[in-house]
Amino acid sequence: MIEIYEFLRSFWVVWLMVLFLGIVAWAFWPSHKEGLERHGRIPLEDDENGEQ
């Protein structure tokens, strides 16, 4: 029983590491650069209605 617990525990560490690296790779992929920069500028742009 302890061996199964240790295997599952290490499996989740590997799964979360793969998930994290996948998200980082997606964020830095060159084809996503323009869209992510556009989303990053949203807080800096003025509202179209003139409201703040």
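Each label was represented as a point 7 Å from its Cα along the Cα-to-Cβ direction; for residue 10 and residue 46 these points are 6.0 nm apart.
Based on DSSP H segments of at least four residues, each scored -39500 (n - 2.57), the chain has a per-residue ellipticity at 222 nm of -22500 deg cm²/dmol. In the chain, a dipole from Cβ-located charges (positive for Lys and Arg, negative for Asp and Glu) runs towards its positive end, and of 1, 11, 36 it is 1 whose Cα lies farthest in that direction. Using 0.36 nm per residue and subtracting the Cα-Cα separation, the extra length available between residue 23 and residue 38 on full extension is 3.6 nm. The three principal axes of the Cα atoms in the chain give end-to-end lengths of 63, 27, 10 Å, sorted in falling order.
Each value in this text was obtained by applying a stated rule to the coordinates, not by laboratory testing. A quick note: this is a predicted structure, and the numbers were derived from the prediction, not measured. Positions of Cβ are generated from backbone atoms using ideal geometry, with glycine treated the same way; all protein chains shown enter the neighbour counts.
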